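Inspection log for the structure reproduced underneath, given as structure tokens.
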Amino acid sequence: MPDVLALETTGSLSGIIHSSSEEVPAPLINNPLLQSTYLTIIAGANTQPLAGATISVESPRLMGTRVGTTDEKGHFRLLYLPPGHYTVTVNFPGFSTVIRSSVIVSLGKDTSLQFTLKPSELSESIEVTAVSPAIDENTTATGGNMTEQEFSRLPMKRTYQDVAAFFAGVDNSLGDHDLTMVGSPSMLDGTGAENNYLIDGFTTTDPYDGTSGTNLLFNFIEEVEIKTGGYEAEYGRATGGIINVITKSGGNDFSGNLVSFINTYEMNGSGKYRQYRGRRSEWMGNQEFDAGLDLGGYLVKDTFWFFLAYNPSFKENKWSVEQEIRKGELTTHHYAAKLTWSIVPLHRLVFSLFGDPSQYEGCDLSYLNDSLYVGADAKFTAAADKSAYQRIIKRGSQNYVLNYTGIVNDTFVVEASLGYRYQRDSTEPASAEGYAAQHIFHWDNPEKHGFADNPEYRDGYIAGGIGFFHDYKIYRKMFDVRGTYYRTSHTVKAGANYEQNTLDYTGEISGGQTIVYFTKDRFDDYAITKFSDHGVLRTINTAFFVQDNWQVTDFLTLNVGLRYETQDLKAHDGSRAFSINDNLAPRLGFSWDVKNNNKSKVFGSYGRFYESIPLQLNTYRFNWDFFETEFWRYGADKIPFTEDDKYNYTSVNTPKVRVSSDLKGQCLDEYLLGCEAEVLPDLALGALLRYRTIIRIIEDRLSKQFTEMHMGVTSKDYRRFHELLICNPGEGQVSDQPEPKREYTALELTAHKNFSDHYQFNLAYIWSTLRGNYDGLYDPYAAEVDAHSSQMFNSELYLRHSEGYLYQDIRHRFKLHGAYAFDCGLTMGSLVKIQSGRPISTLGHMGLEGWVFAEERGAQGRTPWLWQWDLHLEYAFRFWKYVDTTVMLDVFNVTNNNEVMSVQNFKYSGLDGSYYHIDTQSFVNPSPYWKEPLTYQIPRLIRFGVRFSF
């Protein structure tokens, strides 16, 4: 995860000014002072640099007017400008004044300008409209920026993560069925738990599991920056992508919006939602209403601005399972506020506050993702006890950020940030009945319990309370500082960051125990498990970086940098669990303007990227909790049990954890080589070759010598101990273990047109392969984040068939989005997505030994191709003298496609009598539900909205 010091919240302008008596332009010339990206000048044959020319810029996003002057070479630079549209004015005595409007300054970019002033005896002004560069000339990062004006024309849902999904290689479809991954899009070969998510320069990534930690609505947002790879040393702590968001600010005029969106069940299409072991749930859709108000303005013009926004949303999910309606209600309070204070000219202080506390009540959707025990899950049987799945889930965060920026002089800038985050994640019963002990019934033969004629109980069911529930309180404290030094051909940045993440947690079982009944061909008993725990865990992260953007020649730029990170994990009692302090991440990139015309480039980069270990590993392995289980026989009455049926032992499962003495950080390497060219004004074509490979991972492994049983003090005390080793598989102490592999090779073709002449579009096609034995921090088969504790690395059988095509191996991806604005006030936007299917595998469950592949990964073909068309229509008109009105209609999945998205990969799931036979060392009794559909595309969803702007 990158730290906030690496995250820019501003942009800049730079350029050069010449005089000319010629109207015919000479070849374009690079500015050697360029910090980053696309800077050219247009100069006539008889040109001279204009030293002392005055450049002034104005914008609704800028406090006052920023003024600069050119040096003896005609160069100028205006630093740290808030993103937005600017008007630039250039004056010099004896020359015509040039006024350029609609100059766009983007987040984290250096916008280039080109001026040629002509002598004039008259006091005349020449006004021109700026043309945005179609390519980012000197950067090696892949991804891009999207402003509110751009994404508001497109069919998108409500959060900033949906903006990211418009970019090549970014996919958020896993969140359609898995609450864990909602708002956490996968990027290229990585999972949503490997990205970093930032708002106003502050890391909002969930400290617990590395997923997206805060949802922010798009009507609060000014601009979104996406980096899918190739970024410099100032960015770190992520092996995936970066999503950087800037919220709106106030201004010298008062403005605001009142916005509302609604969709009802009648506005949704029909279709299949999920399917488990022959039981299918039908999609009935969402019913949602939200209304928001934002207001921006000033307390003191050009000195003190404010922005306030509040948008509650009310959502109901509904689906049918075996003719019974399941539903849940979600209420979320989205809010944001920002205060901007110009202390003195060139010194600015910005305070940001934002959050999204929510409460969900009803059927726990997260249990719909349990692909292992799907057949015994009560939520798919009509007669199941509702208390087993009715929950109240409270989530969300509160974030406070204070940013200081000081432009000391023309060559040095200082930045400092303070941040604090409070996050809640809790689950509790929705009724008093939910606090009772939970009873889970598993059987192969329903006749043993008198349910031979009742198909609802053919696999078992759950009754009683909700089982495990928890309350997590998570805190993040952050401080960072960085400085930027500018010289003629160098821009040198350096910085340091400190971040402390803390988890205060409580875990319990309803009724104090869970009773699991087994009646299988191999055994006939039940187990009572007791669990309760509380603790405080902590992780401390630090980082340092230095980098240089070196303009070697007029047409060649090098980016050279080095990043150093450390991480210190604390255990339950505050002692050090382990630390990693040798994460050195070099970065090297180049950009070559082949034709020296600032309209084309060849670029490449190499980078090493380290993952930051989330608090989930501390919780799983260093909290020292235990499950105590008593084993009983079935009595003559089968249910309930009696004391006479108790076995002679109690099992206390207490894992011991050791850490490899040579443990190193998890990392990957990335190599890029690409080209890009502006073929027409505002239109650029690009091609890119990308190769990414996992170098090292961190996992826990069972230590063989500690898997035996040990007798306790009494004959009725039978204790089971095993030891886990935190290590780098394939290295050091476990060099005999399989090395992790995840190799991603891709060819990316893109076409991008900036908005001009009423329209914009972006086209991307990616061909890729992804092979290996490591899917990442998100386990797609268990549908959960397994941060460094994958169940797939615990068995010797893993060695046999571990390598093949990984779950994210989507061979073909095609994405086209665009918009057209008609003169009458009507705007139409569209998004088309097409992608090939995912690999299908053969998985087997081995109990404590985890899950293994019974044959090569991906050997069972692929799921079907998927395609979807989304549409956005809006019509703007003047409702009243001071109010602009926009009516909006979004249709997602216009054609109501309902194709299969995923299938059951477990051929030997542990149910239906399928299991691993130890004596024969083979799996037996395959599941009849293997390769059965699991999830489907979400059917058509229609949303209506209206916005009043003043």
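None of the figures in this text is laboratory data; all of them are computed from the coordinates on show. Every value quoted in this text rests on a predicted model; they were computed, and no experiment measured them. Cβ coordinates were reconstructed from backbone atoms using ideal geometry, including for glycine residues, and neighbour counts include every protein chain displayed.
Once you list every other residue whose beta carbon is under 11 Å from the beta carbon of ARG947, what net charge do they have if Lys and Arg are +1 and Asp and Glu are -1? So the environment of ARG947 carries a net charge of -3. For the stretch 225-288, the fraction of C-alpha pairs more than 21 angstrom apart is 66%. Estimated from the Cβ-Cβ distance and a Förster radius of 22 angstrom, the FRET efficiency linking GLU855 and GLU932 is about 0.75. Between VAL894 and LEU346, the distance separating the two model label sites (each 7 Å from Cα on the Cα→Cβ line) works out to 5.3 nm. Packing order of peptides 261-273, 772-784, 588-600, highest average first: 772-784, 588-600, 261-273 (average count of other Cβ atoms within 10 Å over each peptide's residues). Quick note on the stretch 168-314: its Rg to Rh ratio, both from C-alpha atoms and Rh being the Kirkwood radius, is 1.05.
Ranked by the mean number of other Cβ atoms within 10 Å per residue, highest first, peptides 758-768, 146-156 order as 146-156, 758-768. Can you pick out the pairs among LYS318/LYS833; LYS741/LYS815; LYS227/LYS815 whose Cα atoms lie more than 24 Å from each other? Correct reply: LYS318/LYS833; LYS741/LYS815.
For the stretch 565-629, the spread of Cα coordinates along the three principal axes comes to 71, 26, 13 Å, biggest extent given first.
Normalised by residue number, the volume inside the convex hull of the Cα atoms of the stretch 158-229 is 88 Å³ per residue. Dividing the C-alpha radius of gyration of the stretch 529-604 by 2.2 N^0.38 Å, with N its residue count, gives 1.96.
The H on the amide N of THR69, modeled in the peptide plane, is under 5 Å from the matching H of ILE55, each at least 5 residues off or on a different chain.
Both radii come from the Cα set of the stretch 803-913: Rg as radius of gyration, Rh as Kirkwood radius; their ratio Rg/Rh reads 1.27. Evaluated on the stretch 169-210, the Kirkwood hydrodynamic radius is 10.7 Å, with distances taken between all distinct Cα atoms. Highest mean packing comes first when the peptides 930-939, 90-99 are listed by Cβ atoms within 10 Å, giving 930-939, 90-99. Label-to-label distance for THR97 and LEU402 is 4.1 nm, based on points extended 7 Å past Cα in the beta-carbon direction. Rounded to 0.05, the FRET efficiency of the HIS758 and THR303 pair, given R0 = 60 Å and the Cβ-Cβ distance, is 0.95.
At full extension, TYR265 and GLU628 could sit 126.1 nm farther apart than now, given 0.36 nm per residue minus the alpha carbon distance.
A quarter of the convex hull surface defined by the alpha-carbon atoms of the stretch 51-101 gives 3.6 nm² as the mean projection. Site pair LEU673 and HIS333 shows an inter-label distance of 5.6 nm when each label is modelled 7 Å from Cα along Cα→Cβ.
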